[in-house]
Each structure stands twice: as C-alpha cells, then as structure tokens.
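The values are calculated or read from the model by the stated rules, or taken from the named source; none is laboratory data. Predicted model only: the values in this text are computed from it and were never measured. When we count neighbours, we look across all protein chains shown, and the Cβ atoms used for this are built from the backbone with ideal geometry, even at glycine. What goes into the accessible areas is simple: the full protein's heavy atoms, side chains included, and nothing from ligands, DNA or RNA. Shrake-Rupley method; radii C 1.70, N 1.55, O 1.52, S 1.80 Å.
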Amino acid sequence: MFSKILQLYRLRDSKNLLSMVDFQLSFLLYYACIVHTGLLILSVVFLKPAICMYYFVTLMLFLLSARFIDSKNFFIIYGLIYVEITLHVYLIYAFFGVSIDIELYYIMLIPVGCYVLLMSYNRNFQRFFIFIIVVINAISYATFKIMIQERTDDLNITPAYKVFLVYNIFMAYGMATLQSYFFLKTIMRKFSNLKEESNEFKHQANYDALTNLYSRRKIIRCLENALDQYKSNKLPVSLCMGDIDKFKSINDTYGHNAGDYVLKTIGSILKANIRKTDCAGRWGGEEFVLLIHSDLSACYSRAEYLRKAIENCKFQFDGKEIPVTITFGIAAVDDATSSVGSIIEKADKMLYIGKEGGRNQTSGI
C-alpha cells in the first residue's frame with residue numbers, strides 16, 4: 001500500500017500516466033485505507049469484535065476502490081465515502097454513547113472536496129449536485145442530533161472511547177486537510193491555466209505566427225504611440241515598408257514551403273538587425289513594416305543595410321538556392337502626415353515607386 005502511494009506521488013504531475021483528478025482520488029482512497037487500518041488495529045486491541053468486523057470489511061472496500069475505481073465512477077465513490085462515514089459515526093455512537101460531531105461536520109465538506117471529481121461535468125450539474133448533497137447532509141445531521149437528544153442512558157466514557165475519539169479527530173482533520181489542499185490546488189491550477197491561455201491569446205494577437213514578428217494590429221498600436229510622442233515632444237519617427245520582390249514566382253517555382261521559409265528567414269534578419277526601441281512586423285502576405293525612432297536619413301541607412309543583408313543572404317531550401325531581394329519604401333512623420341493612415345499611405349506610395357523603378361532598392365529619400 002505504501003509503495004503504491006509513493007508511486008502515485010511520483011506520478012502526480014504526469015499527464016500521460018495519470019491525470020491530476022485520478023491522482024487525487026487514488027491518494028484520498030489510499031489515505032482512507034490507512035485510516036481504517038489503524039481503526040481495525042484499535043478494535044482488535046480493545047476487543048470489539050463487531051467494530052473489528054466492520055472495519056475489516058470497510059478496509060477491503062476501500063482497497064478495492066483504490067485499485068479498480070477511477071474518476072469515471074464518481075457516484076460510486078461518493079456514495080461509498082458518504083455511507084461509510086455516516087455508518088462510522090453511528091457505530092461509534094452506538095458503542096460508546098457519544099457523538100463525534102467533527103466527522104458529521106466533515107460530511108458537509110465532501111461536496112467541496114469532491115469538486116475535482118465534478119470538473120468533468122457541466123456547471124449546472126455541479127450546482128445541482130452540490131445543492132442536493134448539502135440538503136441530504138443537513139437532514140442527516142439534524143436526524144442524528146435528534147436521536148442523540150432522545151437517548152437517556154449514561155455515557156460510557158472508557159479509555160477505549162478516548163483513544164477512538166482522539167484517533168478519529170486526528171484522521172478526520174487529516175482527511176479534511178487533504179481535501180482542502182486538493183481543492184485549493186485545483187482552483188489555483190485552473191487560474192494558472194486561464195492565465196496561460198490569456199498570455200497565449202495575447203501572443204497570438206500581438207505576434208505573427210509564421211515569422212514571430214509583430215502582427216499588423218500590434219504595429220498599428222506601436223505607430224499610434226509613436227505619433228503621440230511626436231505630437232507631444234516632436235521626437236522623430238519614420239516608417240519603412242518592405243515587399244519581397246517577385247514572391248509569387250518564388251512560391252510557383254520552389255513551392256509554398258519554400259515561400260514560408262523565405263518569410264521566416266527575412267523575419268529573423270529584420271528582428272536581429274533593429275534596435276530594441278524600434279519595431280518590426282509583418283504587415284500581411286510578403287509585406288513587412290519597420291517602425292524606426294529616427295529621422296528619415298537614419299531610416300534610409302537602416303533600410304539599405306537590411307536590403308543588402310537580405311540580398312546577400314543565401315536562402316537554401318531542399319538543396320536549392322533561392323535568389324531573394326526586397327524593396328523598401330520609407331516615410332517620416334511630420335505635421336502633414338501625423339496620422340496612422342497618412343504615414344502608412346505615404347510609405348506605401350514610396351514602396352510602389354521603388355517597385356516601378358526596378359525593385360531591390362529603397363525609395364523615399
């Protein structure tokens with residue numbers, strides 16, 4: 001049993017071998033086995049044959065449950081735990097004449113502790129199930145308290161009772177602690193997953209999936225911020241738009257995989273050769289955009305450097321060398337082009353002039 005628990009603990013984070021829910025369930029069931037092993041030993045020590053038989057049968061049931069039942073049998077597991085705890089409380093009361101309210105209170109915690117098992121069901125079912133169980137638990141608790149009030153015989157506070165009471169309280173608190181730990185861990189994991197999903201969505205919105213450059217949406221936001229800085233402090237801002245020359249011919253001649261390779265390689269070149277304060281993005285298709293926080297002259301120098309780097313780069317794909325060049329059109333933000341639309345339109349116009357002028361050049365100065 002102990003080796004099995006250690007094995008489960010080692011596998012607790014393994015998604016391929018054991019899910020988190022199955023791990024928690026198995027761990028709790030084996031914990032119940034340990035608890036009832038101790039109760040069985042105590043019943044043997046204090047010569048309580050009826051209790052001894054009950055704990056032996058219960059121990060066997062928990063061992064079988066831990067061995068063969070998984071989270072798909074949720075109702076069987078819940079029913080077994082609920083009935084066992086209820087019978088245990090009644091049995092202790094019948095033999096010793098005193099109730100153990102801590103265990104009755106623990107029954108109320110089971111719906112919360114079993115939340116990890118309810119996760120595979122829809123939200124309406126979860127609410128309905130917990131509501132029904134809370135009502136049943138309340139009725140059970142009230143019934144038991146009424147029975148206690150009806151009992152008039154003297155309490156039998158024996159050493160055996162004290163030992164059983166202390167052991168039950170510690171074990172019940174231990175189970176409640178485990179349930180709470182698993183419940184909180186599950187909640188925290190859900191929050192962590194939501195945060196990861198949120199970060200992933202942000203990355204998808206801000207970055208192009210193929211080139212890992214900024215997306216068109218992100219570039220526009222960067223340009224809006226740069227324009228605000230220009231209007232406030234007259235800080236120089238320039239925009240550089242690039243278009244791969246005869247990209248359709250590359251796709252037709254070498255295939256679309258080769259075209260994707262060219263796009264990714266150019267993206268890497270652009271990203272590696274701009275300052276941290278500048279921005280590089282994929283505008284769409286084979287078009288790229290550079291936001292340079294410098295005047296037009298510095299932007300031209302940077303564009304020419306990148307153009308030559310791309311021209312001199314050896315694009316090798318499937319054993320074939322692909323000749324690649326790019327044309328840039330540049331424009332500087334000024335009082336006449338102080339909006340996102342106007343600066344993009346101007347840079348695009350310069351790009352068109354460069355294309356018409358023979359390609360593989362930087363136009364705009």
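Please give the FRET efficiency for I146 paired with Y167, using the beta carbon to beta carbon distance and R0 = 35 Å, rounded to the nearest 0.05. Intermediate results must be reported in sequence, preceding the final value.
Details: r = 27 Å, r/R0 = 0.77.
So, using R0 = 35 Å, E works out to roughly 0.85.
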Going from most exposed to least, what order do E287, E224, E196 have by accessible area with a 1.4 Å probe?
E196, E224, E287
So, with points 7 Å from each Cα along the Cβ direction, the A209-N251 label distance in nm works out to 1.6 nm
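Highest first, please rank the peptides 288-297, 202-211, 38-47 by the mean number of other Cβ atoms sitting within 10 Å of their residues.
Numbers: 288-297: 20.9, 202-211: 13.8, 38-47: 16.0.
So the peptides 288-297, 202-211, 38-47, ranked by packing, come out 288-297, 38-47, 202-211.
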Too long at a 26 Å Cα-Cα cut-off: which of K234/K346; K246/K276; K218/K271?
K246/K276
How many nm is it between the label spots at K276 and V134, if each spot is 7 Å from the Cα in line with the beta carbon?
5.2 nm
Where a ≥ b ≥ c are the square roots of the eigenvalues of the C-alpha gyration tensor, would you call the range 188-301 rounded, which needs a/c under 1.5, or, failing that, prolate if a/b is larger than b/c, or oblate?
oblate
How would you order 353-365, 319-331 from highest to lowest mean count of nearby Cβ atoms within 10 Å?
319-331, 353-365
Full-extension gain in nm, S192 to S339, via 0.36 nm per residue minus C-alpha separation:
49.0 nm
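What ranking of I130, I146, I219 comes out by heavy-atom accessible area, probe 1.4 Å, highest first? Kindly include the intermediate steps, with their values, before the conclusion.
Working: I130 55, I146 100, I219 5 Å².
Per-residue accessible area, sorted high to low, gives I146, I130, I219.
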